[in-house]
1. Given the conditions (1) modelled with pLDDT of 85 or more; (2) surrounded by fewer than 12 Cβ atoms within 10 Å (Cβ to Cβ), and given that Leu83 satisfies all but one, which numbered condition is not satisfied?
2. Out of all the residues in region 108-129, which are in a loop (DSSP other than H, G, I, E, B) and open to solvent by less than 50 Å² (accessible area, probe 1.4 Å)?
3. Any idea how many residues of region 223-251 are within 20 Å of Gly178 (Cα to Cα), open to solvent by 10 Å² or more (accessible area, probe 1.4 Å) and in a strand (DSSP E or B)?
4. Only one residue in Val181, Val186, Val220, Val195 is closer than 19 Å to Cys90 by Cα and surrounded by fewer than 23 Cβ atoms within 10 Å (Cβ to Cβ). Which one?
5. Filter region 279-311 for residues that are part of a loop (DSSP other than H, G, I, E, B) and open to solvent by less than 90 Å² (accessible area, probe 1.4 Å) and give the result.
6. How do the pairs read when you match residues in region 289-304 that are closer than 30 Å to Arg147 by Cβ and of a type outside the set (Val, Ile, Thr) with residues anywhere that are open to solvent by 90 Å² or more (accessible area, probe 1.4 Å) and in a helix (DSSP H, G or I), using Cβ under 7 Å and keeping only pairs 6 or more apart or on different chains?
7. I need a count of the residues in region 148-179 that are touching a residue at least 12 places away in the same chain (Cβ under 8 Å) and not in a helix (DSSP H, G or I).
Amino acid sequence: MTHMDGSSTMGSGETVIACVRCSKLARLQCPKCLELKLPRANASFCSQECFKASWSSHKLVHAGVKSEALRSDSPEGQISEALSRGWLYCLKKGQVRSSQLPFFDWTGSLRPYPISARRVVPDHISRPDWASDGIPKVEPNSDLQTRVEIKSGEQIERMRETCRVARQILDAAARAIGPGVTTDEVDEVVHEATVAAGGYPSPLNYHFFPKSCCTSVNEVICHGIPDARRLEDGDIVNVDVTVYLNGCHGDLNETFFVGKVDDFSQQLVQCTYECLEKAIASVKPGMRYREVGEVISRHASLSGFSVVSET
């Protein structure tokens, strides 16, 4: 039987917890997590080696657990607190910072909050060509814009390894999500875990994007910028992680529930997941890319939803 905290019960009644890092049987628990009374499933490791290897990203989960007395409850208080720390709003597609809220014809209740300074990547880590100045050089002029490359076995293996690392990083982000946690704290987890794995967070400075992952909350379609807003009970948040490692990019995302989510949001996320599964199942040699989109659009429409069309 699987429990809500991620543990399982064997027939003998013994509770089984998987290691956060490698999914083997866990025998140790993080002492700080025990002190903070965090869920066991997010604090268990099979060995000291796995615990030490995960520490750089795992310790950031502790930072999300702060006394409510030290954190402002209102949006105004959260914004004031961020501005007092020198955080600023992001304007002009990442190229300008300001202490003033940018003007936009908002369609929902969500608003941007100030963002923290750009995070640092150690010099020894290989990085894509936009890392220093925000401008991709190879990509716009590549012939891969007009043709599909047939990957070699060696390329596919490197891609698999990079994607495995990216999946682990996304899992680390998922463990940090909860009411009261800022999306900037989620970004910190992603950044530190990526660097610890020897990778570069691909979104960072791509066309001047200021953060290491995308966090899209509620009505934000995609590419949301992590900021000082604290996640609230009932939010949904999509975390989009891309890692540059082994000379290739591993890109994946997932949408998470924050606390108790209403039925409509649950149905939306469920439909989106079904669209993904149906699209993957349809892929085969000779299939056109547009047919994958048609599979997704058809299922969304039949479920009472629609897809976002770029115009």
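The values are calculated or read from the model by the stated rules, or taken from the named source; none is laboratory data. Bear in mind the structure is a predicted one, so any value in this text is a computation, not a measurement. With ideal geometry, Cβ positions are generated from the backbone for all residues, glycine too; neighbour counts draw on all protein chains shown. Note: areas computed on protein heavy atoms with side chains; ligands, DNA, RNA excluded. Shrake-Rupley method; radii C 1.70, N 1.55, O 1.52, S 1.80 Å.
1. With (1) modelled with pLDDT of 85 or more; (2) surrounded by fewer than 12 Cβ atoms within 10 Å (Cβ to Cβ) applied to Leu83, the lone miss is (2).
2. Gly108, Leu110, Pro112, Tyr113, Pro114, Ser116, Arg119, Val121, Pro122, Ile125, Pro128
3. Going through region 223-251 one residue at a time, the tally reaches 4.
4. Val220
5. Gly286, Met287, Ser303, Gly304, Phe305, Val307, Ser309 - these are the residues of region 279-311 that are part of a loop (DSSP other than H, G, I, E, B) and open to solvent by less than 90 Å² (accessible area, probe 1.4 Å).
6. His299/Lys278
7. 3
Yes/no per residue for (1) within 13 Å of the chain's Cα centre (by Cα); (2) within 30 Å of Lys59 (Cα to Cα); (3) small (Gly, Ala, Ser); (4) modelled with pLDDT of 95 or more:
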residue	(1), (2), (3), (4)
His124	no, yes, no, yes
Asn141	no, no, no, no
Glu161	no, yes, no, yes
Thr183	yes, yes, no, yes
